[in-house]
Amino acid sequence: MSECLFCRIVAGEIPADEVMRTDEVVAFRDISPQAPVHVLVIPTAHFVDARAMSTSDPQLAGNLIKAATDVAAAEGLEGGYRIVFNTGDDGGQTVHHVHAHVLGGRSMKWPPG
Ligand code: AMP
Ligand code: ZN
């Protein structure tokens, strides 16, 4: 059994509120939403972060961003949204399986904390 939380969600060992699933990606609602819409989009393959995924499989990286935009459209975020890859310790990453945060449904501030 994998020790990676998100690999376990991919495997169905941990329940998640899924909004999209293909052979390549899974999207599910964040357990601690920071906006009215807060969905995580992950590859089914394990990569620790966006660096590792982009280096090893740039096509997958592109497909993950496309999936994130599809989720945003399905969630009705016509007015805009934010896609975030927290990457590494200084990036604030806490789960070490690459994931795109899709955040929307409110006006976002800049700069982020
Ligand atoms: P990050 O800090 O960028 O690594 O983001 C990890 C995200 O995963 C956080 O926003 C958490 O709220 C979220 N998270 C942690 N555990 C779960 C879970 N079991 N289901 C859904 N989201 C989770
Ligand atoms: Zn994993």
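The values are calculated or read from the model by the stated rules, or taken from the named source; none is laboratory data. Please read these numbers as outputs of a predicted model, since none were measured by experiment. Using ideal geometry, Cβ is built from the backbone for each residue, glycine included, and neighbour counts are taken over all protein chains shown.
Taking the criterion of being surrounded by 16 or more Cβ atoms within 10 Å (Cβ to Cβ) and either of a type in the set (Asp, Glu) or out of contact with any Leu (no Cβ under 6 Å at 6 or more places or on another chain) (or both), the residues of the stretch 82-99 that qualify are 83, 84, 85, 86, 87, 93, 97, 98. Note on the stretch 1-48: residues that are under 11 Å from the mean Cα position of the chain (by Cα) and either modelled with pLDDT under 95 or of a type in the set (Asp, Glu) (or both) total 1. One residue alone among 67, 72, 35, 27 is outside any strand (DSSP E or B), surrounded by 15 or more Cβ atoms within 10 Å (Cβ to Cβ) and either within 16 Å of ligand 2 (Cβ to nearest atom) or in contact (Cβ under 8 Å) with a residue 60 or more places away in the chain (or both), and that residue is 35. Looking across the stretch 86-113, the residues that are out of contact with any helix residue (DSSP H, G or I) (no Cβ under 8 Å at 6 or more places or on another chain), more than 8 Å from ligand 1 (Cβ to nearest atom), in contact (Cβ under 8 Å) with a residue 40 or more places away in the chain and part of a loop (DSSP other than H, G, I, E, B) come down to 105, 106, 108.
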